[in-house]
């Protein structure tokens with residue numbers, strides 16, 4: 001009985017093993033066929049290989065797995081087939097991706113291996129053999145750009161699968177550079193770091209702003225080449241910023257328009273540059289300069305019409321240690337200045353020490369630290385397309401009966417060309433209404449000098465007479481469709497017309513004033529008074545502020561005694577400390593006294609303004625073969641148990 005039971009168990013085990021062996025396709029029922037094999041491949045390429053899997057038997061297979069082998073260093077499998085099952089007598093198409101090493105040469109010869117339920121048994125395999133093309137390729141990159149010592153580094157790489165024997169470095173730009181290594185060999189896959197030094201003169205001669213030096217890397221025998229750029233900034237200082245004892249702490253730009261950084265032709269621009277001596281010693285001969293660079297790196301500051309006496313370079317003399325000083329620039333944008341984007345730069349240096357030794361040209365007030373972006377635009381308000389500038393009378397003062405010439409420069413500051421226009425000079429008091437028609441194209445940026453001649457009429461009082469300048473333009477179909485929104489007003493002094501006229505002291509001094517700050521309670525109020533001497537000789541005047549006690553206390557008068565030459569003006573700054581209780585309309589008087597009984601008062605009015613998400617998932621890849629194996633083991637156990645129970649019956 002025991003021998004019968006043992007016989008049945010062994011028989012069941014043999015049947016099960018026969019089933020497993022049968023399903024493993026040991027007899028070669030599954031065959032791999034390679035299709036679409038490329039003639040050649042390139043280094044670094046991902047090659048997609050297409051195959052057919054043919055099942056010639058009348059049973060389906062599942063649990064198919066794939067392994068590989070690779071001879072040499074030609075590459076690696078990037079993606080194996082995803083096919084895991086095939087039906088009986090079926091042919092399936094599948095693919096795999098092989099990545100070729102960037103420096104591989106010769107042939108690729110990987111093998112794709114198919115296995116079924118028993119991973120230890122190879123059902124079929126297919127070796128791929130494809131020649132690799134010879135690729136010559138070189139790469140150049142910048143690892144560090146030029147520093148303050150004009151030194152940089154670059155990296156040269158042989159990214160092909162062919163050795164280079166003579167790599168030469170050069171530059172395609174005008175800058176002179178040297179290399180710490182040149183004319184060298186570089187094997188496939190190798191790299192080399194090279195030091196580069198630019199000569200100071202080469203850097204100094206380049207344009208302002210961002211620049212680049214192009215380095216050319218070339219293999220002489222094969223003529224294979226690559227390039228990389230070294231970038232650097234050319235700043236305003238001739239040798240770049242040098243030393244640390246000078247600091248530009250503030251750059252204040254004020255223009256005529258709504259935006260201080262958007263300029264229009266004929267705008268008056270003021271630039272104040274504060275310079276600090278942050279060192280421990282006095283610094284002599286400190287100069288401050290400004291420049292205005294166009295997109296080509298050209299300094300156009302010499303085209304600006306400077307109103308300050310020292311123009312684009314101001315001498316601050318000595319700055320003591322710990323002290324500061326301010327350079328104030330004032331200029332007018334010319335009427336014919338080209339529109340576009342510009343860069344305003346400033347620098348401070350010591351002429352005594354030498355600009356190449358002590359110079360600073362950076363400030364956090366500037367948009368790019370070394371410059372401030374400026375836009376120069378044409379006027380877009382059609383009522384302001386035509387502008388007048390540099391208007392003068394000849395003679396500058398006149399009496400009745402004199403023949404006077406008014407000369408003015410007329411500019412098209414708008415953004416449209418004009419076909420023709422009429423210019424007018426009007427003054428009812430001088431019985432003046434004359435015009436001049438320009439019958440030619442007056443294009444954007446054009447300037448024309450125009451003269452108006454007239455005779456001063458009789459019986460005039462001794463005073464200043466205003467003349468208004470206007471323009472009619474936008475000529476179409478015989479009609480001028482635009483006229484200047486606001487006339488340009490200029491004044492002519494007329495004197496000596498009355499037989500019994502006596503020039504009084506009061507008539508010889510004109511006082512005007514403007515606010516230099518906001519008028520707010522509890523704050524400092526700055527008033528800028530302009531004193532004009534209309535007399536024929538120099539006047540010495542005492543300047544005073546009167547009748548302000550109800551709303552302010554006097555802080556300071558910049559000049560109490562001024563000497564004003566004939567026909568000139570002097571600006572005096574008066575500072576008040578406005579009371580906390582002050583509000584609304586208030587006033588004070590500016591008084592000039594020549595000490596000879598000549599007293600002048602000018603009243604000035606002031607208005608006091610009283611869930612973070614997370615991805616959750618389950619990865620089952622690689623577990624399928626273990627599930628199948630467990631199922632097979634369970635089937636064997638079930639068969640043995642059934643066989644034992646049958647024997648026991």
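The values are calculated or read from the model by the stated rules, or taken from the named source; none is laboratory data. Treat the numbers as computed from the prediction; the structure is a model and nothing was measured. Glycine gets a Cβ as well: all are built from the backbone with ideal geometry, and neighbour counts include every protein chain shown.
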Matching residues in the range 284-325 - criterion: being under 20 Å from the mean Cα position of the chain (by Cα) and outside any strand (DSSP E or B): 294, 295, 296, 297, 298
For a quick check of your reading: which strands (runs of 3 or more DSSP E) sit entirely within the range 346-438 and have at least 2 residues that are more than 30 Å from the chain's Cα centre (by Cα) and closer than 29 Å to residue 264 by Cα? 386-394, 403-412, 421-427, 432-438
It is to be established whether one or more residues within the range 26-39 are farther than 16 Å from residue 116 by Cα, modelled with pLDDT of 85 or more, in the same structural domain as residue 116 (by TED's automatic domain parsing) and surrounded by 20 or more Cβ atoms within 10 Å (Cβ to Cβ). no
Select from the range 100-123 the residues that are surrounded by fewer than 16 Cβ atoms within 10 Å (Cβ to Cβ) and in contact with a strand residue (DSSP E or B) (Cβ under 9 Å, 6 or more places away or on another chain) and list them in ascending order. 106, 107, 109, 111, 119, 121, 122
If we scan the range 505-512, do we find a residue that is within 49 Å of the chain's Cα centre (by Cα), modelled with pLDDT of 85 or more and exposed (fewer than 13 other Cβ atoms within 10 Å of the Cβ)? no
Of all residues in the range 70-99 being loosely packed, with under 13 Cβ neighbours inside 10 Å and modelled with pLDDT under 85, which is nearest to residue 161 (Cα to Cα)? 73
Please count how many residues of the range 27-54 are in a loop (DSSP other than H, G, I, E, B) and under 51 Å from the mean Cα position of the chain (by Cα). 7
Could you please give the count of residues in the range 166-190 that are surrounded by fewer than 13 Cβ atoms within 10 Å (Cβ to Cβ) and either at pLDDT below 85 or farther than 26 Å from residue 235 by Cβ (or both)? 7
Within the range 131-169, how many residues are over 18 Å from residue 194 (Cβ atoms) and touching a strand residue (DSSP E or B) at 6+ places or on another chain (Cβ under 6 Å)? 3
Please go through the range 464-497 and pick out each residue that is at positive phi and either modelled with pLDDT of 95 or more or assigned to a strand (DSSP E or B) (or both). 474
Take residue 593 and tell me if it is surrounded by 15 or more Cβ atoms within 10 Å (Cβ to Cβ) and at pLDDT 90 or above. no
Return the residues of the range 441-460 that are surrounded by 12 or more Cβ atoms within 10 Å (Cβ to Cβ) and out of contact with any strand residue (DSSP E or B) (no Cβ under 8 Å at 6 or more places or on another chain); say none if nothing qualifies. 457
From 195, 209, residue being loosely packed, with under 15 Cβ neighbours inside 10 Å and farther than 20 Å from residue 160 by Cβ: 195
Of the residues in the range 443-463, how many are assigned to a strand (DSSP E or B) and over 50 Å from the mean Cα position of the chain (by Cα)? 4
